[in-house]
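Some notes on the structure that comes next.
Just so you know, all these numbers are worked out from the coordinates, no wet-lab data involved. All values reported here derive from a predicted model rather than from experimental measurement. Every residue, glycine as well, gets a Cβ built from its backbone with ideal geometry; the counts of neighbours run over all protein chains shown.
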Amino acid sequence: MKNNGKKTNGVRSTGFKRRLVIILTVAAVLTAYLYYGNTAVTVTRYDISSEKIPPDFDGFRIVQISDLHNSGNSVMKKSLISKTANAKPDVILLTGDMVDSYFTDVSAAISMIEKLNEIAPMYYVIGNHEARTGESSNLIRRMRELGIGILWNSYSIIRVGNDEIVIAGINDPRLLNKDGTADDAAIARESLGSLDYDREMYTILLSHRPELLNTYATYGIDLVFAGHAHGGLVRLPFIGGLYAPHQGLLPDYTGGVIYQIADTSMIVSRGVGNSGDTFRINDNPELVVTVLHAGC
Ligand SMILES: [Fe+2]
């Protein structure tokens, strides 16, 4: 009987060890998968053709970076900088939420922006997170020192050779809509209506919010760069993103395609960082590279 008891205990012990090894292996694989999915930067390329794009802008290369959320992850940031340099951009666009209002660490965002600024001229619009934290004023002050174009309900002209295009930016509606009860589209319409650029020129708009595409189309914007949706956080095969702020479940605009309403095209970056305690599943950080093609 004693021998049988030892044998039974031995079998139980082996079974426990096997289950423990399986559990630890599954946990390790899941951890590695989540780490990879939240730090490995993917590059998405889009090509935009238009008769309004002037000849000297044929081949003009645009890198878009969005929603850094003051990520301190050095692996992701190093990869982002090297992939940005490899893309050989003529301009880099930052479409908001460089800082996170839940864990504000402006210095993390500034160090990243300083490195990117050595690669190409940059333009920036604020996101809802900058709009609700007063600490982002340090970020904006530093960007002004670096000569970054801050499109604060304003526009600039980009010139290449003999040709020019407009690059405009509007503030995130959150800046005025502090409690979220006002009409974001109405705020965006007011911002767009205040811009007095030549509407005949090819116009790029930076705006953090993708869900306002209808509004951008009303103003005849040619190409919009937006962010904010974080790719829908969880990306499901055949379905796309699962959830996005200001769009809710199964959002329409999360990235992966060029959205089109009338003559307005919109590219939505999945962003590179995470807000608060959120994380990504099947939704890697994304660097967007867009190439303009003239006269097609
Ligand atoms: Fe946002």
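Here the peptides 29-37, 202-210, 248-256, 68-76 are ranked by packing, the mean other Cβ count within 10 Å, and the order with the highest first is 202-210, 68-76, 248-256, 29-37. The ranking of LYS88, LYS83 by Cβ neighbour count inside 10 Å, starting from the fewest, reads LYS88, LYS83. The count of lysine pairs in the chain with alpha-carbon distances below 27 Å, taking only pairs 8 or more places apart or on different chains, stands at 10. Ordering of 105-111, 60-66 by packing is 60-66, 105-111, highest average first (other Cβ atoms within 10 Å, averaged per residue).
Taking each DSSP H run with n ≥ 4 as -39500 (n - 2.57) and averaging over every residue of the chain yields -10000 deg cm²/dmol at 222 nm. Give me the percent relative contact order of the stretch 43-294, please, defined on Cα pairs under 8 angstrom at least 6 residues apart. About 27 percent, as a whole number.
Residues whose amide H comes within less than 5 Å of that of ASN284, counting only those at least five positions distant or on another chain, are absent (H built at 1.01 Å from N in the peptide plane). Taking every alpha-carbon pair under 8 Å whose residues sit at least 6 apart, the stretch 101-192 reaches a relative contact order of 26 percent.
Note that the stretch 209-217 has calculated 3J(HN,Hα) couplings of 9, x, 6, 9, 4, 4, 5, 4, 5 Hz, one per residue in order, obtained from phi through the Karplus relation 6.51 cos²θ - 1.76 cosθ + 1.60 (θ = phi - 60°); glycine and proline are x.
The packing ranking of peptides 126-135, 157-166, highest mean first, is 126-135, 157-166, where packing means the average number of other beta carbon atoms within 10 angstrom of each residue. A viscosity of 0.692 mPa s and a temperature of 37 °C, combined with the Kirkwood radius over Cα pairs in Stokes-Einstein, give a translational diffusion coefficient for the chain of 161 µm²/s. The C-alpha atoms of the chain define a longest principal axis, and helix 2-39 lies at about 10 degrees to it.
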